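The values are calculated or read from the model by the stated rules, or taken from the named source; none is laboratory data. Worth saying up front: this structure is predicted, and the values here are computed from it rather than measured. Because the Cβ atoms are built from the backbone with ideal geometry, glycine has one as well, and the counts that use them run over all protein chains shown. Just the protein is used for accessible areas: all its heavy atoms, side chains included, with ligands, DNA and RNA removed. Shrake-Rupley method; radii C 1.70, N 1.55, O 1.52, S 1.80 Å.
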Amino acid sequence: MRRAVAVAFFLLNLASCSRRQNTQDPPLVEEEHPESMLSTLHVADPKAVPQLLKGWHAVEQGSWRWTQKTFAVALKAPSPGKPAKLQLKFVIPPPLLSRLHSITLNASIDGVSLGPETYNQAGDQTYTRTIAPRETSGNLIRVDFQLDKAVPPDNRDKRELGVVVTSVGLE
C-alpha cells in the first residue's frame, strides 16, 4: 500500500512539473521503486496504466487505445544519461485519414520539440526520434505528444479521436 501511494504521488507530481526545474516549479519527487516503471509500454497492458498520464481512452479489442489530440506518457530511461530512441507505434485508420486528409504528430520533452512528422497514408506507422543524453538524466521521462488535428466528438462517438496506439517506448 505504501508503495502504491508513493507511485501515485510521484505520477501526480510528474504530471504537473517537468524534470528540469526552474524557480516556479515544485521539485520533482523521484520514484521510490523505479524498477516497477517500464521503458516500453504496451498500452493495453494493465501495468502500463499508471504511466499513461493524459489523453488516453479505454483499451479496445484487448490490444490498443485511441488517443485524444494531446496525450502524454512517463517512460523509464533505459540507461540514464545516455541517448535513447523514442518509438510510438500507432495506426491511422482509413476512415480517420479520409476525414482529416493528413495528420502531423509532434513529441516534446520539457517543452522542447523532438520534431514533427506528417502522415498522409492510412495504416501502421512509427514515430521515431533520438533523445539526447541530457533528456535522459532522470529515472523517468515525461513525453508529451501533440497531433495537429483530431476527430471531434459527435453523436456516434462522444470522444475526441486522435490515433490508435499499440505501444510507446524508449530503447
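So here's what we get for this one:
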item	result
Nearest-0.05 FRET efficiency for residue 137 and residue 108, computed from C-beta distance (R0 25 Å)	0.90
Extension gain from residue 166 to residue 58, taking 0.36 nm per residue of separation minus the Cα-Cα distance	37.7 nm
Extended-chain gain in nm, criterion 0.36 nm per residue less alpha-carbon gap, residue 128 and residue 99	8.0 nm
Over 26 Å between alpha carbons, listed pairs 89/158; 85/158; 76/158; 69/89; 82/149	85/158; 76/158; 82/149
Accessible area (Å², 1.4 Å probe, nearest 10) - residue 137	80 Å²
Mean-position separation - Cα centroids, segment 49-110 and segment 132-171, in angstrom	3 Å
